[in-house]
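See below for the structure under consideration.
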Amino acid sequence: DSKSSGRDTARFFTPAMNARAQQRQQVESCLRHAIERGELWLAYQPRIEAGSGRTIGVEALLRWHSPELGAVPPAEFIPIAEESGQIVALGDWVIQQACAQHDAWRRSGLGELTVSLNMSAVQLRTSGVPEVLRAALARHQVNPAHLEVELTESTLMETAEETMAQLHALKALGLTLSIDDFGTGYSNLNYLNRFPIDKLKIDRSFVQQMLEDPAQLAIARAIIGLGHTLGLRVVAEGVERPEHAQMLHAARCDELQGFHFGRPMPPAELERWLRSQRPAELVAA
Ligand code: C2E
Ligand code: MG
Ligand code: MG
Ligand code: MG
């Protein structure tokens, strides 16, 4: 009845929830100055070509060290930045930074690594994003073939028709489009045919349970088969153990990423890591 639901509603605002709302508020207000105060940086995680064991690319992952809040993980501040709209400025910063880093690495002779960056649905929907990318690629003389944009499956589902033109505008720049966290977004698989995408990234939940759960291995294999049938490259994320790498390689997965090969690293550490690397041995054992 209405009396008890009224009481439930009153109880809904618990002290814990108020604390959470305050925390959100605090993250949002600290984030407002994070760019200008130089509190953000990009970590880079290696991506390995399964066939050769060579590092062919890196994924840029946003890091924030706030003097007030300490290190805040992206899983915490990105959803808040998406709601507040701050993600657009953050995303622009990521694009500039990743292109500048690519340029620096090319000049220092580290070779033509592909850099991938994550783009939120909110940013994809802003009309200016193709131009921001085009200008950053030009300014830093990045070959568009060496830039990848990762969009989550839910981003694509959520934005459906209105984003189609945006995706084509990004594709027209010559970069690679991947679907991140593939297999977790309740996808209508029809979209795979309609969107101009190049790559699937199998969500790490499938990889991480592959050894214990044959059904998860079957799903990973099915995703690889589906991707290849559609002419897409397939990447696995969350490769933590040598057995994961071997099984995925045997299943013809094209690229591998995970703690087994390397964690996300600051640029200088990644450079040392790259210089000390020999191709990973995947087929051994
Ligand atoms: P994602 O794009 O799927 O990135 C992969 C996440 O898995 C990263 O977490 C990475 O550190 C982690 N990871 C990599 N290898 C392994 C592994 O072997 N085992 C495990 N357990 N984890 C692994 P991170 O850096 O905390 O980022 C979380 C998410 O935040 C990202 O997921 C992405 O959705 C989002 N994100 C990160 N940077 C950005 C950004 O610049 N822009 C946007 N819009 N989102 C970002
Ligand atoms: Mg990603
Ligand atoms: Mg992912
Ligand atoms: Mg993810």
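The values are calculated or read from the model by the stated rules, or taken from the named source; none is laboratory data. What you are looking at is a predicted structure, and each value in this text was computed from that prediction instead of being measured. When we count neighbours, we look across all protein chains shown, and the Cβ atoms used for this are built from the backbone with ideal geometry, even at glycine. What goes into the accessible areas is simple: the full protein's heavy atoms, side chains included, and nothing from ligands, DNA or RNA. Shrake-Rupley method; radii C 1.70, N 1.55, O 1.52, S 1.80 Å.
For every residue, the table says whether it meets (1) outside any helix (DSSP H, G or I); (2) surrounded by 16 or more Cβ atoms within 10 Å (Cβ to Cβ); (3) within 16 Å of ligand 2 (Cβ to nearest atom).
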| site | (1), (2), (3) |
| --- | --- |
| Asp92 | no, yes, no |
| Ala98 | no, yes, yes |
| Leu117 | yes, yes, yes |
| Ala136 | no, yes, no |
| Leu156 | no, yes, yes |
| Met164 | no, no, no |
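Only a single criterion out of (1) closer than 20 Å to Phe259 by Cβ; (2) open to solvent by less than 10 Å² (accessible area, probe 1.4 Å); (3) within 15 Å of ligand 2 (Cβ to nearest atom); (4) not small (Gly, Ala, Ser) is not satisfied by Asp181, namely (2). Residues of segment 190-207 being open to solvent by less than 60 Å² (accessible area, probe 1.4 Å) and either of a type in the set (D, E, K, R) or not in a loop (DSSP other than H, G, I, E, B) (or both), which ones? Within segment 190-207, Tyr191, Leu192, Asp198, Lys199, Leu200, Lys201, Ile202, Asp203, Ser205, Phe206, Val207 qualify.
Among residues of segment 48-66 that are on the phi > 0 side of the Ramachandran plot, those with a beta-carbon under 9 Å from a residue that is buried (at least 18 other Cβ atoms within 10 Å of the Cβ) at least six positions away or on a different chain give the pairs Gly53/Ala280; Gly53/Leu282.
Residues of segment 100-115 that are more than 17 Å from Leu61 (Cα to Cα) and either within 19 Å of the chain's Cα centre (by Cα) or in a loop (DSSP other than H, G, I, E, B) (or both): Ser108, Gly109, Leu110, Gly111, Glu112. Quick check on segment 209-247: of everything there that is open to solvent by 60 Å² or more (accessible area, probe 1.4 Å) and within 18 Å of the chain's Cα centre (by Cα), which residue is nearest to Ile179 (Cα to Cα)? The residue in question is Arg233. Applying a threshold of 7 Å to beta carbon distances and a minimum spacing of six or more residues, or different chains, the list of pairs starting in segment 177-189 at a residue that is in a loop (DSSP other than H, G, I, E, B) and within 14 Å of ligand 3 (Cβ to nearest atom) and ending at one that is modelled with pLDDT of 80 or more and of a type in the set (Val, Ile, Thr) reads Gly183/Ile202; Gly183/Ile219; Gly183/Ile223; Gly185/Thr152.
Of all residue pairs spaced 6 or more apart or on separate chains, those with beta-carbon atoms under 9 Å, a first member in segment 69-90 that is more than 22 Å from Leu133 (Cα to Cα) and a second member that is small (Gly, Ala, Ser) and outside any strand (DSSP E or B) are Phe77/Ala34.
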